[in-house]
Amino acid sequence: QVQLVESGGGLVQPGGSLRLSCAASGSIFSIYVMAWYRQAPGKPRELVARSTTIGSTDYADSVKGRFTISRSNRKNTVWLQMNSLKPEDTAVYYCNVADDSGVHWGQGTQVTVSS
């Protein structure tokens, strides 16, 4: 079993910043991809940012230049630094990890951007 524990969500004003963390533990085998997804009310879950073991990263167009994904393979941890937050970034953010045993999801952390 792989457990993903997320933290760092909350309420922030437009233009503010938040940093999300996700730590993976348990029976972890060769993590390939660590990523963040989000789901806003009434909308499908969407990829926000993704980091592969070889160091490549991908971002949704809507967050490029504002969000940065980083990871520590030694600590099995991934972070999402979110700057210049907008109300449309409001969503539940989910950590996603793919390893030899499959794809795993965190429980989600709420991010609300509002004045």
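The values are calculated or read from the model by the stated rules, or taken from the named source; none is laboratory data. Source: prediction; values computed, not measured. Positions of Cβ are generated from backbone atoms using ideal geometry, with glycine treated the same way; all protein chains shown enter the neighbour counts. Quick note on the areas: whole protein, heavy atoms, side chains included, nothing else; ligands and nucleic acids left out. Shrake-Rupley method; radii C 1.70, N 1.55, O 1.52, S 1.80 Å.
In 10 Å bins starting at 0, how do the alpha-carbon pair distances of the stretch 39-99 split up by percent?
Taking all Cα pairs of the stretch 39-99, the binned fractions are 19, 54, 24, 3 percent.
Would you tell me the accessible area of TYR59, worked out with a 1.4 angstrom probe on the heavy atoms of the protein chains, in Å² to the nearest 10?
Roughly 60 Å² of TYR59 is accessible to a 1.4 Å probe.
In the chain, once you exclude exposed trypsin sites (Lys or Arg not before Pro) (DSSP loop, at most 16 other Cβ within 10 angstrom), what's the longest stretch remaining?
1-44
What's the carbon and sulfur percent of the chain's accessible surface, probe 1.4 angstrom, rounded to a whole number? If you can, show how the numbers build up before the last one.
On the way: 2950 of 5960 Å².
Answer for the chain is 49 percent, counting heavy atoms of protein chains only.
For LYS86, give me every one of the lysines with a C-alpha distance below 16 angstrom, ignoring sequence neighbours fewer than eight places off in its own chain.
Filter leaves LYS64.
First select every other residue whose beta carbon is under 15 angstrom from the beta carbon of GLY55; then total the charges, Lys and Arg +1, Asp and Glu -1. Mind showing how you got there, number by number?
On the way: positive: ARG50, ARG71, ARG74; negative: ASP58.
In short, +2.
For the chain, report the % of Cα-Cα distances exceeding 18 Å. Could the numbers behind the result be given before it?
Working: 2955 of 6555 pairs.
Above the 18 Å cut-off, the chain has 45 percent of its Cα pairs.
In percent, how large is the relative contact order of the chain, given Cα pairs closer than 8 Å and 6 or more residues apart?
Working: 286 pairs, mean separation 42.7, N = 115.
Normalised by residue count, the contact order of the chain is 37 percent.
For the chain, what is the accessible area per residue in Å², given a 1.4 Å probe and the full set of protein chains? The partial results should precede the final answer.
Numbers: 5960 Å² over 115 residues.
Ligands and nucleic acids excluded, the figure is 52 Å² per residue.
First select every other residue whose beta carbon is under 14 angstrom from the beta carbon of ILE31; then total the charges, Lys and Arg +1, Asp and Glu -1. Intermediate results must be reported in sequence, preceding the final value.
Working: positive: ARG50, ARG71, ARG74, LYS75; negative: ASP99, ASP100.
With Lys, Arg at +1 and Asp, Glu at -1, the net is +2.
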